[in-house]
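All remarks here apply to the structure that follows.
The values are calculated or read from the model by the stated rules, or taken from the named source; none is laboratory data. Values in this document were obtained by computation on a predicted structure and should not be read as measured data. Every residue, glycine as well, gets a Cβ built from its backbone with ideal geometry; the counts of neighbours run over all protein chains shown.
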Amino acid sequence: MSEIRQFTLHLDQIEDYEFKVRFDWPDVPDLRVDEPAPLGHNAGPNAARLIAAGVANCLSASLLFCLLKSRNAPGGVRASVTGSIGRNEKGRLRLVGIDVDLTLSGIPEDRSRLERCFNLFEDFCVVTESVRDGVPIGVRVLDEEGAVLHQEHGNT
């Protein structure tokens, strides 16, 4: 049986739909979250944006970890994430897709050794693979000139 780790975050209402998120790490500052207008006041990201940021962060970290471990360290990793919101069959708003572009700078001329990481990194990403069960996620890895090095299609 695998080990289960837990974490606990606390949310306190500030006013209306605005909340303060307190993390379980003492040196991490609080985060303000809010809903977009007309419900909220855009005082912070809403849940859909946090999920998209979490997916992009997890993919970035997972790819970087693999590249560092295989001695293919890039000069930098940049991510851009687009979330799509639509209505389900009951007319309820849902996150219906997430597309992530990861851009690597300063990668070696010989890109053949990168392929192993491209085949592994998504599978090791805790958040992406958890969210992907309910939301299609498309992933592209690009070099700094914009050439596609790897692509995994979502259903968006």
Self-check item: Residue in the range 63-77 that is in contact with a Ser or Thr (Cβ under 8 Å, 6 or more places away or on another chain), closer than 18 Å to I137 by Cβ and surrounded by 11 or more Cβ atoms within 10 Å (Cβ to Cβ) present
Solution: yes
Quiz item: Just one of the numbered conditions (1) surrounded by 12 or more Cβ atoms within 10 Å (Cβ to Cβ); (2) closer than 24 Å to S130 by Cβ; (3) without any contact (Cβ under 8 Å) to a residue 24 or more places away in the chain is not true of L93; which one?
Solution: (1)
Quiz item: Restricting attention to the range 37-60, and to residues there that are without any contact (Cβ under 8 Å) to a residue 24 or more places away in the chain and surrounded by 14 or more Cβ atoms within 10 Å (Cβ to Cβ), which single residue is farthest from L95 (Cα to Cα)?
Solution: P45
Quiz item: In the range 12-26, how many are under 16 Å from G44 (Cα atoms) and either surrounded by 12 or more Cβ atoms within 10 Å (Cβ to Cβ) or out of contact with any strand residue (DSSP E or B) (no Cβ under 9 Å at 6 or more places or on another chain) (or both)?
Solution: 10
Quiz prompt | Residue that is closer than 30 Å to R116 by Cβ, aliphatic (A, V, I, L, M), out of contact with any helix residue (DSSP H, G or I) (no Cβ under 6 Å at 6 or more places or on another chain) and not assigned by TED's automatic domain parsing to the domain that holds D110, where the choices are I14, I4 | solution = I4
Quiz item: Restricting to the range 15-36, what's the tally of residues that are over 25 Å from R94 (Cα atoms) and not in a loop (DSSP other than H, G, I, E, B)?
Solution: 1
Practice problem: Would you point out which residue out of R71, R78 is within 20 Å of I98 (Cα to Cα) and either assigned by TED's automatic domain parsing to the domain that holds G146 or aromatic (F, W, Y) (or both)? | Solution: R78
